Amino acid sequence: MEMQKIRTVTFCGHSELTNPDAVRVWLMETVESLISQGAVTFYLGGYGAFDRMAASVLQEKKRQHPHIESVLVLPYLDREMDASGYDTTVYPPLESIPRRFAISKRNEWMVDASDAVVACVTHDWGGAAKTLAYAKRKKKQIILYPERTWCDV
């Protein structure tokens, strides 16, 4: 598969992490590599341990790379989310989506709007696994923990 230019990245991971120290080291290296390849916009969902860690890594990287942007992608307009630590928020066109599907549709929007997906998905159930499967169906470039390799899609 020919690699396309990466400008926009989405994160996809479980709400709980079994090896947070190793994941953080991997994320630091992965994000640095993506920035060096031209990534500037990073979409985050804002829920769970992996999302919080990715947001923290981006805050740290922003000190060295002030041009990068972390974007909190909101699944609901009527629920407060802590947007501190992000550069901006965006609300995809989800008004007509039933509330119970808002998060999964938001995740699909994030994948669709991105060139690559950074994923920490270690089991095949739950929202992160569904989002990763969607990214594979959409033939997105995927960087999967624990390797720093591209998934075959």
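Using a 1.4 angstrom probe on heavy atoms only, work out the carbon and sulfur share of the accessible area of the chain in %.
About 49 percent, which is the carbon plus sulfur part of the accessible surface.
Leaving out ligands and nucleic acids, and using a 1.4 Å probe, what accessible area per residue does the chain come to in Å²?
Ligands and nucleic acids excluded, the figure is 53 Å² per residue.
Over 23 Å between C-alpha atoms is what I'm after, so list which of Lys5/Lys61; Lys62/Lys138; Lys61/Lys130; Lys5/Lys138; Lys5/Lys139; Lys105/Lys138 land there.
Lys62/Lys138; Lys61/Lys130
Between Ala83 and His67, 0.36 nm times their residue separation minus their Cα-Cα distance comes to what?
3.9 nm
Would you pull out the residues with amide H under 5 Å of Arg7's amide H, same chain only if 5 or more places away, H placed 1.01 Å from N?
It is Asp115, by chain and number.
Using a ≥ b ≥ c from the Cα gyration tensor of the stretch 11-80 (square roots of the eigenvalues), is it rounded, prolate or oblate, where a/c under 1.5 gives rounded and otherwise the larger of a/b and b/c decides, a/b for prolate?
Verdict is oblate for the stretch 11-80.
Return the whole-Å distance between the Cα centroid of the stretch 87-133 and the Cα centroid of the stretch 1-78.
What the calculation gives is 14 Å, centre to centre.
What number in nm² do you get for the chain if you take the convex hull of its Cα atoms and divide its surface by four?
8.7
Are there any trypsin sites (Lys or Arg not before Pro) in the stretch 1-105 that are in a DSSP loop and have at most 11 other Cβ atoms within 10 Å? List them by number.
Lys5, Arg79
How far apart, in nm, are the 7 Å Cα→Cβ label points at Arg99 and Glu16?
2.6
Would you mind checking the stretch 57-77 for residues with the amide N under 11 Å from a putative spin-label position 7 Å along Cα→C-beta of Val40?
Residues 67-69 qualify, since their backbone N sits under 11 Å from the label point.
If the only charges are +1 at each Lys and Arg Cβ and -1 at each Asp and Glu Cβ, what is the size of the charge dipole of the stretch 69-153 around the Cα centre, to the nearest 20 debye?
The dipole magnitude comes to about 440 debye.
The values are calculated or read from the model by the stated rules, or taken from the named source; none is laboratory data. This is a predicted model, so every value here is computed, not measured. All Cβ positions, even for glycine, are placed from backbone atoms using ideal geometry, and neighbour counts span all protein chains on display. The accessibility values were calculated without ligands, DNA or RNA, using every heavy atom of the protein model including side chains. Shrake-Rupley method; radii C 1.70, N 1.55, O 1.52, S 1.80 Å.
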